[in-house]
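Notes follow once the structure below has been shown.
The values are calculated or read from the model by the stated rules, or taken from the named source; none is laboratory data. Bear in mind that the values here come from a model prediction, so they are computed numbers and not experimental data. Backbone-built Cβ (ideal geometry, glycine too); neighbour counts: all protein chains shown. For accessibility, only protein heavy atoms count, side chains too; no ligands or nucleic acids. Shrake-Rupley method; radii C 1.70, N 1.55, O 1.52, S 1.80 Å.
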Amino acid sequence: MAAIEAERSEPVEGLRARVLAVDDDERNLLAIAEVLGEVGEVVCAQSGEEALRFLLKEDFAVILLDVLMPNLDGYETATLIRRRERSKNTPIIFLTAISKEEAHMLRGYDVGAVDYLFKPFDPVMLRSKVMVFVDLHEKTREIERNAAREQRLLEQALKAKSDKLDAERALRHSEARQEAILASLPICFHARSAEAPFAARYVSKGVERLTGFPPSRFLSHPDFGLSRVHPDDRQEVTRSLSAACETGSYGCEFRWRCANDEYRIFFDRGVVSKDDAGLELLGTMQDITEQRRLESQLLQSQRLDAIGKLTGGLAHDFNNLLAAILSGLSLLERQLTLDGNATKILDMTRRSAGQGRDLVQRMLAFSRRQDLKPVAVPLSSLGDTMNGLVAPVLGGLVRFKWLVSDDTWPVYVDAAQLELALMNLIFNARDAMPSGGTVLVRTSNRSVGHAGDELPAGDYVVVAVEDTGTGIAGDMISKVVEPFFTTKPIGKGTGLGLSTVYGFAKQSGGTLRIESEVDRGTIIELWLPRSNQPQDVTEAIAVAGAEAVEAADAERATAVGERSLTVLLIDDSHSLREMTAMSLRQSGFEVVGASGGAEALAAIEREPDRFDVIVTDFAMPLISGIDVIRFARNLRAGWPAVMITGYADAEKIVERPLDVALVGKPFDEKDLVVAIHAAARGKLINASA
């Protein structure tokens, strides 16, 4: 605003100075205008009032004022002129025709006159006197213009300086903000020579966050950066940088030894730039160690998932084969009279089939398709069991410590499978200490606030099994949970121990983690979900006992004798279906077989009143056992049914109706008979192997 006001008040350069002539005689005014025409612009007023009006609007270099005028005379007009702020400093020359009396002149000087001219006046004298004041006015105006111009230039300079300071402050703030953002990223910017040893010319501060070394270390030693590249990667890095001059860009991934002697994985990419100093490589270097670790975990998880699916499928087929073998052995035992050697061979065959069944169950545990019955298990209650079962078989050189406090949270898992998993881990720890040592089992309560790659958010109990044995090499840790992989000598292990425990942990909603150091020992952590259920192990045993009583009641009822039941037996395995049908017929059932879901649906629709109980395999092509049962119950509500399966896919099996019993393959024929009778009576019996 000050600059604007200054511009408004600044005298306009190029305008002629104005002279105000005041006289009531028009002839005098014409004479003055003629004489002063070349001196300045003459403005004429014929009265004091008119003169005052001009002075309200314009500035004048000098005022020529007649003394004697009607209304306002010259003295009164001069007095009013001097009272006004705008005109109080304007020079006044009195024009008078009266005598040169001193009293008149003193009065004129008293009201502000600077000089007198007497009529008739000399034109030369009039011009000279007026020119003095016009020149003074012009110089004053020039001084004012220069002062205003200098003031304006000063204000512009101050504003420019202020704007510059503001711009510099904003630039520093922007640079600081950008530097903070870049420093928070695992990345650094650099410029290096395009010729070996590719000496660094510029390195951003972010390099210290990545490597632990300040930028000065790279700038002072030309070969420092390349010297700390992993020896196996150095040749490839040199080749990529050398080829950049031809391709115009480069990109390479390598391991680099940081200040803490740890190798980190960096990805360096850039382009070629040309300046006065020659060719230069401009690029960025990024730490991708964590990214590669996550990718490795993902690949390992996908690999284990693929192996699990393959294992589950193989286990299903093996269960069908084992079920047919065991059914065939039972039929032979019933129908033939065997001598001692034949009976021995039969028992050995049955025992081998049973071992195969156990092996399949361990494969199912890894593939997370075994049928679990989770309950609330207080870990502190397993101390006596573990000490009683495990401690005596560890040997005299191995000490066993069970450090599980009473404040450990209960876990929600299958109690029997938990005991089996712990024994597997403890026996593995024993085998890792051929010269003896200590096996320690301890627990801790943990809470996971955010869902991760392995665990959802929630409360967990970590069961850690520690040993002081030989340890596991770092490149082997990710492989030891794969089925049939073992670090033990040939013939000393099946390779299913850790894979079974891993599958049990994942199916229970937890995970397995391994920390190991060669020649120092191994810590295997079993993460299990905390239980919020009131039921404990004792209650679970009571429930299992009640089921066993019901099964015994059903078997006794069968022995008493009742109407023969007609069973619709559905299985896509021809040999197993035939063996099972023969076994059921010998137990007094009438059996109709169906080779799949489609054939079963046709039989049910054709004769819906013929079949008392449906016995169906779970996994079959196109139409599953659950589909068959649902179709049948659309025709007859609550149709009795029993489901047999070679594996238990928990997510799918849970979809079966709650009153449908589940019998696992390979099954004991007595279990199947009991389940059929229980279904016919409306009782649920689960006999999954």
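Take the residues in region 248-297 that are closer than 19 Å to residue 234 by Cβ and acidic (Asp, Glu), then tell me which one is surrounded by the fewest Cβ atoms within 10 Å (Cβ to Cβ).
261
Could you list all residues from region 177-200 that are charged (D, E, K, R), surrounded by fewer than 16 Cβ atoms within 10 Å (Cβ to Cβ) and either modelled with pLDDT of 85 or more or over 30 Å from the mean Cα position of the chain (by Cα) (or both)? Spell out how you get there, then give the answer.
Going through region 177-200, the residues charged (D, E, K, R) turn out to be 177, 179, 192, 195.
Narrowing the set further to residues that are surrounded by fewer than 16 Cβ atoms within 10 Å (Cβ to Cβ) leaves 177, 179, 195.
177, 195 - these are the residues of region 177-200 that are charged (D, E, K, R), surrounded by fewer than 16 Cβ atoms within 10 Å (Cβ to Cβ) and either modelled with pLDDT of 85 or more or over 30 Å from the mean Cα position of the chain (by Cα) (or both).
Could you grab me the full set of residues in region 42-58 that are surrounded by 16 or more Cβ atoms within 10 Å (Cβ to Cβ) and not in a helix (DSSP H, G or I)?
Answer for region 42-58, where residues must be surrounded by 16 or more Cβ atoms within 10 Å (Cβ to Cβ) and not in a helix (DSSP H, G or I): 42, 43, 44, 45, 46, 47.
Can you work out which of the residues in region 206-220 that are aliphatic (A, V, I, L, M) and touching a Pro at 6+ places or on another chain (Cβ under 9 Å) is surrounded by the most Cβ atoms within 10 Å (Cβ to Cβ)?
At the first step, the residues of region 206-220 found to be aliphatic (A, V, I, L, M) are 207, 210, 219.
Next, from what is left, pick out any that are touching a Pro at 6+ places or on another chain (Cβ under 9 Å): 207, 210.
Values: 207: 21, 210: 19.
Residue satisfying both the conditions and the ranking: 207.
Mind telling me which of the residues 421, 457, 451 ends up being at pLDDT below 90 and crowded, with 18+ Cβ neighbours inside 10 Å?
On the way: 457 fails: crowded, with 18+ Cβ neighbours inside 10 Å; 451 fails: crowded, with 18+ Cβ neighbours inside 10 Å.
Exactly one of 421, 457, 451 is at pLDDT below 90 and crowded, with 18+ Cβ neighbours inside 10 Å, namely 421.
With the checklist (1) at pLDDT 90 or above; (2) more than 21 Å from residue 591 (Cβ to Cβ) in hand, flag the one item residue 676 doesn't pass.
(2)
Is it the case that region 156-164 has a residue that's surrounded by 14 or more Cβ atoms within 10 Å (Cβ to Cβ) and either in contact with a strand residue (DSSP E or B) (Cβ under 9 Å, 6 or more places away or on another chain) or aliphatic (A, V, I, L, M) (or both)?
Step one: filter region 156-164 for residues surrounded by 14 or more Cβ atoms within 10 Å (Cβ to Cβ), giving none.
Among the residues of region 156-164, not one is surrounded by 14 or more Cβ atoms within 10 Å (Cβ to Cβ) and either in contact with a strand residue (DSSP E or B) (Cβ under 9 Å, 6 or more places away or on another chain) or aliphatic (A, V, I, L, M) (or both), which makes the answer no.
For region 116-134, name all the residues that are exposed (fewer than 14 other Cβ atoms within 10 Å of the Cβ), farther than 14 Å from residue 23 by Cβ and of a type outside the set (A, V, I, L, M, F, W, C).
Within region 116-134, 122, 123, 128 qualify.
Can you tell me which residue in region 657-673 is surrounded by the most Cβ atoms within 10 Å (Cβ to Cβ), limited to those that are under 11 Å from residue 618 (Cα atoms) and at pLDDT 80 or above?
The qualifying residue surrounded by the most Cβ atoms within 10 Å (Cβ to Cβ) is 663.
Looking only at residues that are aliphatic (A, V, I, L, M) and in contact (Cβ under 8 Å) with a residue 12 or more places away in the chain in region 129-169, which one is farthest from residue 38 (Cα to Cα)? So that I can check it myself, show each step before the final result.
Residues of region 129-169 that are aliphatic (A, V, I, L, M), as a first pass: 130-132, 134, 136, 143, 147-148, 153-154, 157-158, 160, 165, 167.
Within this subset, residues satisfying the condition of being in contact (Cβ under 8 Å) with a residue 12 or more places away in the chain are 130-131, 134, 136, 148.
On the way: 130: 11, 131: 10, 134: 11, 136: 16, 148: 28 Å.
So the residue we want is 148.
If residue 632 satisfies every condition in (1) open to solvent by 60 Å² or more (accessible area, probe 1.4 Å); (2) farther than 22 Å from residue 671 by Cα but one, which is the exception?
That leaves (1) as the condition not met.
Quick check, is residue 225 surrounded by 18 or more Cβ atoms within 10 Å (Cβ to Cβ), within 25 Å of the chain's Cα centre (by Cα), at pLDDT below 90 and not aliphatic (A, V, I, L, M)? Please lay out each step first, then the result.
Values: surrounded by 18 or more Cβ atoms within 10 Å (Cβ to Cβ): yes; within 25 Å of the chain's Cα centre (by Cα): no; at pLDDT below 90: yes; not aliphatic (A, V, I, L, M): yes.
When the stated conditions are applied, residue 225 does not pass them.
Where residues in region 399-415 are surrounded by fewer than 14 Cβ atoms within 10 Å (Cβ to Cβ) and not in a strand (DSSP E or B), which of them is modelled with the highest pLDDT?
Ranking the candidates gives 407 first.
Within the set of pairs 6+ apart or on separate chains, which have a first residue in region 201-213 that is within 11 Å of residue 189 (Cβ to Cβ) and at pLDDT below 85, a second that is of a type outside the set (Lys, Arg) and not in a strand (DSSP E or B), and C-beta atoms under 6 Å apart?
206/182; 206/183
Can you pull out every residue in region 174-218 that is among the acidic types (Asp, Glu) and within 18 Å of residue 237 (Cβ to Cβ)? Walk me through how you get there before you give the answer.
Start the filter on region 174-218 by keeping residues that are among the acidic types (Asp, Glu), which leaves 175, 179, 195, 208.
Listed by number, the list holds a single entry, 195.
Please tell me if residue 559 is modelled with pLDDT under 90, exposed (fewer than 13 other Cβ atoms within 10 Å of the Cβ), among the small types (Gly, Ala, Ser) and assigned to a helix (DSSP H, G or I).
Values: modelled with pLDDT under 90: yes; exposed (fewer than 13 other Cβ atoms within 10 Å of the Cβ): yes; among the small types (Gly, Ala, Ser): yes; assigned to a helix (DSSP H, G or I): yes.
Against the criterion (modelled with pLDDT under 90, exposed (fewer than 13 other Cβ atoms within 10 Å of the Cβ), among the small types (Gly, Ala, Ser) and assigned to a helix (DSSP H, G or I)), residue 559 qualifies.
Restricting attention to region 238-271, which residues are β-branched (Val, Ile, Thr) and modelled with pLDDT under 90?
At the first step, the residues of region 238-271 found to be β-branched (Val, Ile, Thr) are 238, 247, 265, 271.
Scanning region 238-271 gives 238, 247.
Across region 100-115, which residue is nearest to the chain's Cα centre (by Cα) among those that are at pLDDT below 85 and open to solvent by less than 60 Å² (accessible area, probe 1.4 Å)?
112
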